[in-house]
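Asks: Take a look at the following structure, please.
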Amino acid sequence: MERAVDDFAAHLFAERGFSAHTVRSYKSDLAQLTEFAAGHGCRDAADLSLELLRDWLWQGSQAGMAKSTLARRAAAARSFTAWFTRAGHESGTDVAARLRAPKADHHLPRVLTRAQIDGVLASLAVRAGTGEAAAMRDLAVVELLYASALRVSEVTGLDLEHVDRSRLTVRVMGKGAKERVVPFGVPARHAIEGYLDRARDQLAAESTSRALFLGSRGGRLGTRSVYRLVAGLLEEVPGGGPAGPHTLRHTAATHLLDGGADLRAVQEMLGHASLGTTQIYTHVSTERLKESYRSAHPRA
């Protein structure tokens, strides 16, 4: 079982183009399945059964696991057994093809108001005005996160040649190794140019790194550093929910739709494979409209 899981992980990374983070998540879920199966006398992937997989999910449910976690576990098991069957390790039908888990609860993402995001960017601009290299970099990072609705991994994965300042576009490698070109605005360009012209060389080490954004030691800026940056910025912003870089992505997508952008265009910009994933932002816009109506209309 362990060897099959390792082979499956290698397949996801090398052939399917999954990110290292996603592969680790799959391996973690399947490692727990391997342990559960061994406890029930099943040590070979070929001996997995639908009943055993259902028992595994039931155990997680009884342990209080969230519906989203159970759904992810079921997806990992289905992907694994489908690959195992296609690879010819097992004859007959895919045992997990009919495996179902409780549907995950869908919560609307946290979205900042325009006044709030303007306040965040203004505070960063004040810091950057001191000429401190890290502050100028932070302004460029956050401006780009909001301007282009990028994932944090996409921003930290950018190289210098990926940014076209004249055309106001950035070329990013998204999930599944899918490349797309995304626009950004003039404020983001000014922040990026300020960083490149006056700050990047101060952060660069002796290495010839092509990374666009550099950390304090001169190497590529890490995703954890960006998480800490954004979390610190949003700590004082009113509103509940997550305070990571994805909040800026949610905010950008919602503001685009609020401004009249086409849903298909937003889907392409975000790099979503399914339009259904993008439609969550239409629900956010609708809820915001309802809140405004209830608070402002005399007969609400």
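Asks: Dimensions of the range 2-86 along principal axes (Cα, Å, largest first)?
Replies: Sorted largest first, the three principal extents are 35, 27, 18 Å.
Asks: Now for a separate question. Taking the Cα centre of the range 114-241 as the origin, how large is its charge dipole in debye, to the nearest 20, when only Lys and Arg (+1) and Asp and Glu (-1) carry charge on their Cβ atoms?
Replies: 380
Asks: Right, something else. How fast does the chain diffuse by Stokes-Einstein, in µm²/s, taking the Kirkwood radius from C-alpha pairs at 37 °C and 0.692 mPa s?
Replies: Reported coefficient: 150 µm²/s.
Asks: What is the percent of Cα-Cα separations in the range 41-169 that go past 22 Å?
Replies: 62
Asks: While we're on this one: Between SER285 and LYS178, what FRET efficiency comes out of the Förster formula 1/(1 + (r/R0)^6) with R0 = 22 Å and r the beta carbon distance, rounded to 0.05?
Replies: On the way: r = 26 Å, r/R0 = 1.19.
Efficiency, rounded to the nearest 0.05: 0.25.
Asks: Residue by residue through the range 128-144, what is 3J(HN,Hα) from phi via Karplus (6.51 cos²θ - 1.76 cosθ + 1.60, θ = phi - 60°)? Round to whole Hz and write x for glycine and proline.
Replies: 5, x, 6, x, 6, 4, 5, 5, 5, 5, 4, 4, 5, 5, 5, 4, 6
Asks: Report the local net charge at ARG54: Lys and Arg +1, Asp and Glu -1, summed over other residues whose C-beta lies under 14 Å from its C-beta.
Replies: +2
Asks: Which of the trypsin sites (Lys or Arg not before Pro) across the range 1-35 are loop residues per DSSP, with 16 or fewer other Cβ within 10 Å?
Replies: ARG16
Asks: Among ALA135, GLY244, MET1, flag the residue with its Cα farthest along the positive direction of the charge dipole of the chain, charges on Cβ as +1 for Lys/Arg and -1 for Asp/Glu.
Replies: The listed residue farthest towards the positive side: GLY244.
Asks: Have a look at GLY64, SER19, GLY176 and report the one farthest towards the positive end of the charge dipole of the chain, computed about the Cα centre with Cβ charges (Lys/Arg +1, Asp/Glu -1).
Replies: The residue sitting most towards the positive pole is GLY64.
Asks: Which whole-number percent is the relative contact order of the chain (Cα, under 8 Å, 6+ apart)?
Replies: 16
Asks: Using the beta-carbon distance between SER68 and ASP6 and R0 = 25 Å, what value does 1/(1 + (r/R0)^6) give for FRET efficiency, to the nearest 0.05?
Replies: For SER68 and ASP6, the calculated efficiency is 0.45.
Asks: While we're on this one: Once you have all Cα-Cα distances for the range 114-241, histogram them in 10 Å bins from zero and send the whole-percent values.
Replies: 12, 46, 35, 7, 0
Rule-based calculations on the coordinates, nothing more; no lab input. Here the structure is a predicted model, which means the values were calculated and not measured. Please note: Cβ atoms are built from the backbone with ideal geometry, for glycine as well, and neighbour counts cover all protein chains shown.
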